[in-house]
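In what follows, a structure is listed as structure tokens, so that the remarks can point back to it.
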Amino acid sequence: MKPETALFLEKSRELLDQAETMLGVGLNEAAGRTAYLAGFHAAQGLIFETAGRVFKRHSTVQAEFGRLVKDDPRFDVALRTFLPRTYNLKSIADYGTGPGSHVSRESARDAIQTARRFVRSVTLLVPSNGQEGY
């Protein structure tokens, strides 16, 4: 595993812990946003490991990650849509106002649980200690 990849994955795990803390004190929007960002950093790690590049735009990361896992049987099909789905939580937290602009506790909790599975799954795709990956 490249050192930069390890840093992206470490950041993902830190963000997951932060999201849990936020959820615990009722900061649902922040927890949902942070769950998305945990997945975003994990995706960046896989992209860096395979292409040696870092993308800044969320849409570019989502597209490149989707391309990488599209036909990979090791990556759960249900997790392939995690980034675009939960980007909505980030958008609500960052830009939403008025009716419908809140993230429920249940949505944030579900996002965190799915983000944990997403980060674990991405981690398994990355080679470490001579094991196969991308």
Region 27-134 - charge dipole about Cα centre, Lys and Arg +1 at Cβ, Asp and Glu -1, debye rounded to 20:
120
Longest exposed-loop-site-free stretch of the chain, with trypsin sites (Lys or Arg not before Pro), DSSP loop and at most 11 other Cβ within 10 Å?
75-134
When the chain is treated as a GNM, springs tying every alpha-carbon pair under 10 Å, which of Thr97, Thr81, Thr123 comes out with the largest mean-square fluctuation?
Thr97
Kindly provide the pair-distance distribution of the chain built from C-alpha pairs, with 5 Å bins from 0 and whole-percent values in order of increasing distance.
2, 12, 22, 23, 19, 12, 7, 3, 1, 0, 0
If you count only protein heavy atoms with a 1.4 Å probe, what accessible area per residue comes out for the chain, rounded to a whole Å²?
53
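Can you pull the percent of the chain's accessible area that's carbon plus sulfur, 1.4 Å probe, other chains left in place? The partial results should precede the final answer.
Values: 3740 of 7160 Å².
C and S atoms contribute 52 percent here.
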Tilt relative to the chain, helix 3-24 - C-alpha long axis, 0 to 90 degrees, to 10:
20
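The values are calculated or read from the model by the stated rules, or taken from the named source; none is laboratory data. Everything numeric here is computed off the predicted structure, so don't read it as measured data. So basically every Cβ, Gly included, is an ideal-geometry build from the backbone, and we count neighbours across all protein chains shown. Surface areas here come from the heavy atoms of the whole protein model, side chains and all, with no ligands, DNA or RNA. Shrake-Rupley method; radii C 1.70, N 1.55, O 1.52, S 1.80 Å.
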